[in-house]
Each structure stands twice: as structure tokens, then as C-alpha cells.
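Written below as C-alpha cells is the structure these notes are about.
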Number of protein chains: 2
Amino acid sequence: MNKHMTAQTLSRLPIYYNYLTSLSDEKKNGNISATAIAEALGLNDVQVRKDLASVSRGGRPKVGYAASELLGDISRFLGFENHDGVIVAGMGNLGRAMLEFNGFADYGFDIICGFDRSKELVGREINGKPVRDIADMAGFCKENGIKIGIITVPETSAQAVCNAMAEAGIEYILNFAAVHLTAPKGVTVHNENISLTLAMLARCSSNSMSSEQ
Amino acid sequence: MNKHMTAQTLSRLPIYYNYLTSLSDEKKNGNISATAIAEALGLNDVQVRKDLASVSRGGRPKVGYAASELLGDISRFLGFENHDGVIVAGMGNLGRAMLEFNGFADYGFDIICGFDRSKELVGREINGKPVRDIADMAGFCKENGIKIGIITVPETSAQAVCNAMAEAGIEYILNFAAVHLTAPKGVTVHNENISLTLAMLARCSSNSMSSEQ
């Protein structure tokens, strides 16, 4: 297994994962070749073979991979069997949706709690998860070794919250505020831009983008 | 200008756009070279030069691009000056967040209304946008020529809503339900998977992914 794979390979792993999970139970219990996966997804089969070999040792010539084993290997590689604590800053509709969404657990993430500065929200529970005072965020994260934060605050306070997360020891930030955040030292920020995703989908995909990602 | 660019070029255009918008006003009023952009973003400069040439004719040897002009060219290419109507199906927290989010307008999208089946929600307004009965979705979309839909319903009903959108003439669907939807004929679906984005960020970015996308 190679942890130093390219960003391109990494970006395709979820595509393979999604494809394999979408197979019927019968197919999941059988073998599948890199060529078959490449064909189904419209990808180059040499590339697919290389990608799969970098996360799984289960490939056999002329047979391919046991589909369920390959799924397990990708899942382990992507850390879906972890229990990584995650906090969410900003309890507007989007932040509440994050706390209510139970799908994170399948990917090895535990959404621990939300933070907000509103006195009306602090102390409440959303989907069984407490909403805490954002002033206590740093202490809470340090005590609990939280390394992952999601930002759903308004754009005007997003960079300040990002900086506060960095000081609290958070290393990975997923930012939904519609502003490009600058990552403090030692922190990796992914700026999620839903408008741009929509623009790429609706205005570019009829040309040469694949229909599924 | 070349509308038949590769998916890779397309995926980089938002990165250039984000970078250019993040420049100071002074720099925005000046010139910027492909090489400088490549350096700032850690990309290959030959690639950046090709990418930019495919959307803008403003590049001059030894001078580069007028930054504001390049920004305008990318913006027009990505359709940010359009007024494309968008509907949102599912008025849970995530769907309401979509209606409340005003950032879509900057990218040329008008969020027209939401749809839900709950009698308590239908007839209400969220951020000045009406919530309509999902049973009326097809008629509404056909009458108003809506081509873009966002799905924020629970996973159990997501494929049915996707199919209904296709019948209503919707051509592009952004799906937030945690289930991989199969695109009906003539429809392009982008399955947004926030858990996977988080997994890529928190478990793969320390290897070889770039820190910003």
C-alpha cells in the first residue's frame, strides 16, 4: 500500500468506492476486474489498475479483485473505520443539518457537538448532540483532542473562527462559509463552494466532464 | 475560447477564480502572469498558461493578463453573469440553508423556490422564497423552464425526486442526499458527498493533496 499517492488517484478512490457500494449483493460477493470498473466508469483501465493496486493487494491476474475485499481495502485506506471526533461551528440551518446528518458515522466521523454564540442555542441539543458556547471551543477541543472542524458561520466571522480553531489545535477544517479562508500554519482548509460546484455542473458538464463524480 | 476543454482544466478554473478574487485591489488593477499564478498555487506553469489561454485572449507575452480582465473572462466562461433559475426539493435544515444562502446570485443562479410535501411548510416563505407543494414541481418547472434542481430530501426519497425532476425537464441535479443517484437519460447528476470530502481532507491531505481546492 502506498500512502504517497497522487491527488488524482485519491480523488478517484471515492468514485470506485461509490461504484462498488452500488453493486448488487450478488456482484459484491463475486470478483471484479479493473477493466470492468474502468468500463463502467468511463475511465482509462491502466489508470484504474494502478489506482487499485495502490490501495489493495487483492488483485489477481485474469480474476481481478474480490469486490467485497476491494471495498474493505478502500474503506480502510480512506479511514472509514476510524472514530474521529468532529465539531461544527455555527448553528444556523446548515450547521444544524450537519448535526442532524447521521451519514458521517459510515465514514469514521463522530460529530461530537456544535458551537454557537447565541445564548438561545447554547445548552440545547440537536440530534442528541449538545450546542456549546463558542467561547469554550478552544478548551473543549484541547481537552478532547479534536482535530477536525466544520465551519458553518456567516462569512464575516469565518476567518476569525478558522483562526480560533487553529489555536484550539484543529488541523483540518471544512469551510462552508462563502469566503475563501486562509489556512493558519499547520492547518489544512478545504473551502467548499456550493455555487461553484453548481456552476461546474450546470454550465460545464455538457462539454467534457463526466456525469458523475 | 474553447468550450471543449478537459475536465482537469475546468476543475482548475474555480481555483484561478478564487485566487484572483482574493488579490488586493491594487493587484487586481495590475497585470499578472501565468507563471505568478502557477507559483502562488503550486501548479505547473505550462498547464496554467494553457488553461488561461482556453478562456481568455487577454494574455500578452512578458506582461501577462490584466488581472481584472482575466477574472471577467473566467467569470463569463463559468456563467456567473447568467440568471439561471434553480429549485430546491426538501425543506429540512439543509434545504432551508440553500434558500437562505444569498451567495448563489454571484454565480449567476436564482434560487426560485423550495418544494416539500409537508403541509406545515407548503405556503410558507423562507428568505422571501416560497415553499411549494412537491406534487406541483413538474408543472412549475415546465412552465418556468427550470433546468437546475438541488435535492436535499432524505435518502429514501431521493431517487424518486430525482426521477420526478427528470420528468419535469430538469437537466442538472446537485444531490446532497447520502445516496448515489442514478441519472435518468438526458440528466446530469452530481452526487455531493460531504462525508467523503471530509475523509479526503482529514485523512489524505497530509500526503500529497494540495491544501486548497
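The values are calculated or read from the model by the stated rules, or taken from the named source; none is laboratory data. Not measured: the values here are computed from a predicted model. A quick note on method: Cβ atoms are made from the backbone with ideal geometry, for glycine too, and the neighbour counts reach across all protein chains shown. Side chains included, ligands, DNA and RNA excluded: accessible areas come from the protein's heavy atoms. Shrake-Rupley method; radii C 1.70, N 1.55, O 1.52, S 1.80 Å.
The figures follow:
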| quantity | calculated |
| --- | --- |
| Among (1) of a type in the set (A, V, I, L, M, F, W, C); (2) open to solvent by 60 Å² or more (accessible area, probe 1.4 Å); (3) under 17 Å from the mean Cα position of the chain (by Cα), the one test that B:Ala135 misses | (3) |
| Leading residue by the ranking (most open to solvent (accessible area, probe 1.4 Å)) among those in the range B:42-60 that are among the charged types (D, E, K, R) and under 12 Å from B:Tyr16 (Cα atoms) | B:Arg49 |
| Candidate set from the range A:54-94 (those that are of a type in the set (Asp, Glu) and part of a helix (DSSP H, G or I)); member that is nearest to A:Ser24 (Cα to Cα) | A:Glu69 |
| Which numbered condition A:Glu39 fails, given (1) within 21 Å of B:Val179 (Cα to Cα); (2) loosely packed, with under 15 Cβ neighbours inside 10 Å | (1) |
| Residue under evaluation A:Val88, criteria (1) open to solvent by 20 Å² or more (accessible area, probe 1.4 Å); (2) within 12 Å of chain B (Cβ to nearest Cβ); (3) not small (Gly, Ala, Ser), criterion not met | (1) |
| Flag for A:Ile112 being buried (at least 20 other Cβ atoms within 10 Å of the Cβ), on the phi < 0 side of the Ramachandran plot and either without any contact (Cβ under 8 Å) to a residue 12 or more places away in the chain or not aromatic (Phe, Trp, Tyr) (or both) | no |
| Residue among B:Arg76, B:Arg96 that alone is among the basic types (Lys, Arg), surrounded by 18 or more Cβ atoms within 10 Å (Cβ to Cβ) and under 21 Å from B:Lys147 (Cα atoms) | B:Arg96 |
| Leading residue by the ranking (nearest to the other protein chains (Cβ to nearest Cβ)) among those in the range A:153-194 that are of a type in the set (S, T, N, Q) and open to solvent by 20 Å² or more (accessible area, probe 1.4 Å) | A:Thr188 |
| Elements of type helices (runs of 4 or more DSSP H) in the range B:1-53, at least 2 residues being under 18 Å from the mean Cα position of the chain (by Cα) | B:7-22 |
| Pairs with Cβ under 6 Å, 6+ apart, first in the range B:40-58 and without any contact (Cβ under 8 Å) to a residue 12 or more places away in the chain, second surrounded by fewer than 17 Cβ atoms within 10 Å (Cβ to Cβ) | B:Asp45/B:Thr35 |
| Breaking point among (1) crowded, with 16+ Cβ neighbours inside 10 Å; (2) among the β-branched types (Val, Ile, Thr); (3) touching a strand residue (DSSP E or B) at 6+ places or on another chain (Cβ under 8 Å), for A:Val63 | (1) |
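Residue by residue, here is whether (1) at pLDDT 90 or above; (2) within 14 Å of chain B (Cβ to nearest Cβ) holds:
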| position | (1), (2) |
| --- | --- |
| A:Gln8 | no, yes |
| A:Asn31 | yes, no |
| A:Asn44 | yes, yes |
| A:Gln47 | yes, yes |
| A:Ala53 | yes, no |
| A:Gly58 | yes, no |
| A:Ser75 | yes, yes |
